[in-house]
Amino acid sequence: MKIIVIGSIAVLLILVIAVVLIGIAVYKHNMKKDKYDLLRYFKSNKDKISITLKENGEEVLSINSDKKYPLASTLKVIIAFNFVKCVTNNKISITDKVKLEELDKFYIPHTDGDAHPNWKRSINYSTEVSLLEIAKGMMQFSSNACTDFLIDRVGLDIMNKSLKTLQLKHDKIAYFTPTILLPGYLSDKRESAKAKLNVMDMQSYQELSNKLFEKMKLNETDHLVKKAPFMLDQKLQLLLTNKMPSSTTRQYADLMFKLGRELLSKREKELFSEILLGKNIKSHSDDYLWYKGGSTMFVLTSALYKESQNTTTSVSLFMKDDTGGELYWIRNIFNDFVISIATDMVFREKVKELAN
């Protein structure tokens, strides 16, 4: 009998090792994939994506363009727009200084892909930073702490009123970081927190988020910050993702076009360019290239605008996978895919074939 047991254990061990080795091989294979692999994936999984592409304001590609998706950090385009408007209206100054500790109040460790620590490193951990550097932290590093500070500085009400001004079909804007604390605030047990969040309507959800934000400003949430990483299992993260403000690619492709052609003055466009990603990757012939992406474990979102000699391209691509299964490799090439739509004409034509 002992020989049989040992034999069974040996077989089981061999199977486990085989599974692990296969998994490693698949992972390495997926990490070598490029934008053309992603294009082939999209052709077979159109139900998981939404894309809107506009050339000179005219829509040339539309797939699930009116389907709402959680926006993640792509929402920060609207926050940047309102920040720029406040600067040009002399309500705030980009040179205003803020103590770094005021921003750190809104940072929850291990919840933003190290965006906030990377931004702090880029400013050499200065004890004081300008509002301009904070805006760059929001858009170029995607720091949620910088984002929530600017939402508060400009005004959450102003952010939400701008949705009407911009004529957007869009959920109300909310703070980013407090929602991570919500499960631990509601219960010490995950299942109980999930149950409470499941039945909570959006108005109550956002009101509670606002309440927690005020507590964060007063440094009254340290106990919740410590609990957050242990509370956030995959199901809770999906639940929180689904409660994020949502909109559509048609709305965001149109918004990016309007920002470039109608909504911002030349002075405002220069400041917008300084804040957003794109300045370092645009070609010499480009007047403007603006890009913002967003992600959670379950969604990838993006919005882009490119202008060159009065020729414009605006594109928005969203995708969602409630299992998170394929996104682990897609997120590595997602940004390159979207930027290539705007900068590589041959690739753009291949993407436009998705409509067929």
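The values are calculated or read from the model by the stated rules, or taken from the named source; none is laboratory data. These figures come from a predicted structure and were not determined experimentally. Methodologically, a virtual Cβ is constructed for each residue, glycine included, from the backbone with ideal geometry; neighbour enumeration extends over all protein chains shown.
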Subset of the stretch 228-241, residues crowded, with 16+ Cβ neighbours inside 10 Å and part of a helix (DSSP H, G or I), comes to A228, M231, L236, Q237, L238, L239, L240, T241
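Please go through the stretch 282-297 and give me each residue that is among the hydroxyl-bearing types (S, T, Y) and more than 30 Å from D233 (Cα to Cα), ordered by number. Talk me through it step by step, then tell me what you get.
Taking the stretch 282-297 and keeping what is among the hydroxyl-bearing types (S, T, Y), we get 283, 285, 288, 291, 295-296.
Matches in the stretch 282-297: S283, S285, Y288, Y291.
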Filtering the stretch 311-356 down to residues that are outside any helix (DSSP H, G or I) and of a type in the set (A, V, I, L, M, F, W, C), which residue is farthest from Y252 (Cα to Cα)? I333
Would you mind listing the helices (runs of 4 or more DSSP H) fully within the stretch 122-209 where at least 1 residues are under 20 Å from the mean Cα position of the chain (by Cα)? 131-139, 144-154, 156-165, 178-186
Please work out which one of (1) touching a Phe, Trp or Tyr at 6+ places or on another chain (Cβ under 6 Å); (2) in the same structural domain as E59 (by TED's automatic domain parsing) is the condition E262 fails and give its number. (1)
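Go through the stretch 105-121 and give me each residue that's part of a helix (DSSP H, G or I) and surrounded by 12 or more Cβ atoms within 10 Å (Cβ to Cβ).
Pass one, the stretch 105-121, residues part of a helix (DSSP H, G or I): 115-121.
Those that are part of a helix (DSSP H, G or I) and surrounded by 12 or more Cβ atoms within 10 Å (Cβ to Cβ): A115, H116, P117, N118, W119, K120.
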So is N90 in contact with a Phe, Trp or Tyr (Cβ under 6 Å, 6 or more places away or on another chain), surrounded by fewer than 21 Cβ atoms within 10 Å (Cβ to Cβ) and at pLDDT 95 or above or not? no
So, in the stretch 245-295, of the ones that are in contact with a Leu (Cβ under 6 Å, 6 or more places away or on another chain) and in a loop (DSSP other than H, G, I, E, B), which residue ends up nearest to A174 (Cα to Cα)? P245
If only one of L300, L277, L264 is surrounded by 19 or more Cβ atoms within 10 Å (Cβ to Cβ) and within 19 Å of K43 (Cα to Cα), which one is it? L300
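When residues of the stretch 158-179 are filtered for being out of contact with any Leu (no Cβ under 7 Å at 6 or more places or on another chain) and within 16 Å of K211 (Cβ to Cβ), how many remain? Can you show your working first?
From the stretch 158-179, those out of contact with any Leu (no Cβ under 7 Å at 6 or more places or on another chain) are 158-165, 167, 169, 171-172, 174-177; that's our starting set.
Now narrow it down to the ones that are within 16 Å of K211 (Cβ to Cβ): 172, 174-177.
Looking only at that region, the number is 5.
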